[in-house]
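S.K.: Below is the structure I would like to discuss, written out as structure tokens.
The values are calculated or read from the model by the stated rules, or taken from the named source; none is laboratory data. None of the values given here were measured: they were computed from a predicted structure. Note that we place each Cβ from the backbone using ideal geometry, even for glycine, and neighbour counts take in every protein chain shown. Please note that ligands, DNA and RNA were not included when accessible areas were found on the heavy atoms of the full protein model with its side chains. Shrake-Rupley method; radii C 1.70, N 1.55, O 1.52, S 1.80 Å.
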Amino acid sequence: MFHDIRAMNEKERVLVVVVTQKFPNVWTPQDIAQEMRELVLTCGGDVKDTIFCSVEKFSPSHLIGQGKVNEIFVRCAAGDIDTVIMSYDLKGVQQRNLEQDLKVKVIDRTQLILDIFARHASSLEGKMQVELAQLEYALPRLTGHGEEMSRLGGGIGTLGPGETQLETDRRKIGARIITLKEKLAEIVSNRAVKRKKREDSSVPLISLVGYTNAGKSTLLNALTGAHQVTHDGLFTTLDSLARQYTLPNHQKVVLSDTVGFIHQLPHSLIEAFKATLEEVAEADLLLHVLDISNPKSRNLYDAVNEVLKEIGALEKPTITVLNKIDAVEDRGWFEGIYGNIHNPIVISAKTGENLDVLAHKILEDLSYMVAEVDVVLPITRMDLVSLAHREGEVFSIKYYNNEIHLRASLPKRREGLFKKAACRKP
Ligand SMILES: Nc1nc2c(ncn2[C@@H]2O[C@H](COP(=O)(O)OP(=O)(O)OP(=O)(O)O)[C@@H](O)[C@H]2O)c(=O)[nH]1
Ligand SMILES: [Mg+2]
């Protein structure tokens, strides 16, 4: 199968073009340049130079104006640039024209992000999701490149076909998209069965969400002893991982780590990762992990909330976990900024600072899901005693003749079961 992703080679020499529109934005051109550098670095590329380009009206043929194209051409002609990466998404025709004029490979931010996802996907589901995102992105951008493109491709990416080939390619890609969607739908339905089982067992689900590199996987590891890979780079985690976590009252919950977000997360990725993101939308509680040591953390917080809104999870009960406090020198500085952050708690997943406070906070926030029971059960209902031990916390248990006097805290959904089984009032 072919991809429209002209992936980057290791140590590819990159020229980043930061394209912005002429109106104020919380993401300054420098912020965008910085994030583009991190994305390129994660791909193993080397940013040689950055050119800033403020555009009033996008050109349909090249996105940017001819003057800027000339400036970039001169910079590329110096000979140490393999790839130009635009911070703004290109249409197929714009990409093609730029490559023709600049004589080097040109990709955009979405292709760069898709490339990172393709490198990091390891599970079958992750790989299928990434391939789907790549194809969805590629399909509307297929253009017949003709002869001259083949020498620009540098062996990467296989699109350079003539028009007849183009139709065949479109059909092939269309068919592959359908197959991938079917296979992913199958995985989703299997997952729905699992979820049903979890709901039946009444174990609350807590989802870690946040900007990529915020420390979600580090927190999962710290709380549950999992061995999720963590790394100072972007989009390290693509596959969800769920682990059992026991709260201070012995209540068991499931904690799940998932793909990180980025500002303007490409839509094709949100679509393709729908199944993964649905888990977030179905969690009982979200832990929004935020890197407090990042000076732009307020922007990161807002960008994550944008994505949460898009997947219908913004209104969920949420604790904002301000992480990496160990890396903040002046601990007072963020207090003013974070006044309006929802339900915040400051921690360090790395040093373990305040993790106990976080655990109690989770307990408190899940208390609406917990019920305390004080019941007398017939001696034949030892199954309920086991259930109370398994899913809740048993405060006291006394056995008389044919009765069991049980006091325990339980998942709310189990309360009815115990009340129904009670043989008399305590
Ligand atoms: N100083 C400091 N570094 C941390 C802390 N938590 C995580 N990190 C570092 O931040 C980097 C990213 O951590 P991860 O846990 O991989 O972040 P993530 O949110 O899972 O990132 P993605 O999977 O890429 O979305 C790693 O280098 C961690 O060691 C912390 O509390 N303090
Ligand atoms: Mg991670």
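S.K.: So ALA77 clears everything in (1) farther than 24 Å from ASP232 by Cα; (2) open to solvent by less than 50 Å² (accessible area, probe 1.4 Å) except one condition, right? Which one?
M.R.: Going through (1) farther than 24 Å from ASP232 by Cα; (2) open to solvent by less than 50 Å² (accessible area, probe 1.4 Å) one by one, ALA77 breaks only (2).
S.K.: Sticking with this structure for a sec: If the requirement is being free of Cβ contacts under 8 Å to residues at least 40 places away in the same chain and assigned to a loop (DSSP other than H, G, I, E, B), which of these qualifies: SER293, SER189?
M.R.: None of the others qualify; the one that does is SER293.
S.K.: Of the residues ALA388, ALA359, only one is at pLDDT 90 or above, part of a helix (DSSP H, G or I) and assigned by TED's automatic domain parsing to the domain that holds THR218; which?
M.R.: Answer to the check: ALA359.
S.K.: Still on this model: Just to be sure before I move on: is THR246 open to solvent by 20 Å² or more (accessible area, probe 1.4 Å) and among the β-branched types (Val, Ile, Thr) in the structure I sent?
M.R.: So THR246 passes the test.
S.K.: Of the residues in the stretch 193-225, how many are modelled with pLDDT of 90 or more, over 11 Å from the mean Cα position of the chain (by Cα) and outside any strand (DSSP E or B)?
M.R.: Selection size over the stretch 193-225: 10.
S.K.: List the number of the failed condition for LYS181; all other conditions in (1) closer than 17 Å to ILE362 by Cα; (2) modelled with pLDDT of 90 or more; (3) not aliphatic (A, V, I, L, M) hold.
M.R.: For LYS181, the failing item is (1).
S.K.: Here's a follow-up. Give just the number: which of (1) in contact (Cβ under 8 Å) with a residue 24 or more places away in the chain; (2) near ligand 1 (Cβ under 9 Å from one of its atoms); (3) open to solvent by 20 Å² or more (accessible area, probe 1.4 Å) does ASP232 not satisfy?
M.R.: (1)
S.K.: Follow-up. Determine, yes or no, whether HIS267 is open to solvent by 10 Å² or more (accessible area, probe 1.4 Å), within 13 Å of ligand 2 (Cβ to nearest atom) and free of Cβ contacts under 8 Å to residues at least 12 places away in the same chain.
M.R.: Judged against the criteria, HIS267 is not a match.
S.K.: With the condition being aliphatic (A, V, I, L, M) and touching a helix residue (DSSP H, G or I) at 6+ places or on another chain (Cβ under 6 Å), I'd like the strands (runs of 3 or more DSSP E) fully within the stretch 1-110 carrying at least 3 qualifying residues.
M.R.: Of the strands (runs of 3 or more DSSP E) lying wholly inside the stretch 1-110, those with at least 3 residues that are aliphatic (A, V, I, L, M) and touching a helix residue (DSSP H, G or I) at 6+ places or on another chain (Cβ under 6 Å) span 13-21.
The rows are residues; the columns are (1) under 21 Å from ILE345 (Cβ atoms); (2) within 12 Å of ligand 1 (Cβ to nearest atom).
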{"position": "SER189", "(1), (2)": "no, no"}
{"position": "ALA214", "(1), (2)": "yes, yes"}
{"position": "ASN221", "(1), (2)": "yes, yes"}
{"position": "ALA226", "(1), (2)": "yes, yes"}
{"position": "GLN244", "(1), (2)": "no, no"}
{"position": "LEU255", "(1), (2)": "yes, no"}
{"position": "THR258", "(1), (2)": "yes, yes"}
{"position": "LEU265", "(1), (2)": "no, yes"}
{"position": "ALA283", "(1), (2)": "yes, no"}
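S.K.: Looking at the stretch 373-389, which of its residues are of a type in the set (D, E, K, R) and surrounded by 13 or more Cβ atoms within 10 Å (Cβ to Cβ)?
M.R.: Those that are of a type in the set (D, E, K, R) and surrounded by 13 or more Cβ atoms within 10 Å (Cβ to Cβ): ASP374, ARG381.
S.K.: Considering only the stretch 397-412, I want to know if a residue exists there that is free of Cβ contacts under 8 Å to residues at least 60 places away in the same chain and in a helix (DSSP H, G or I).
M.R.: No, the conditions are met nowhere in the stretch 397-412.
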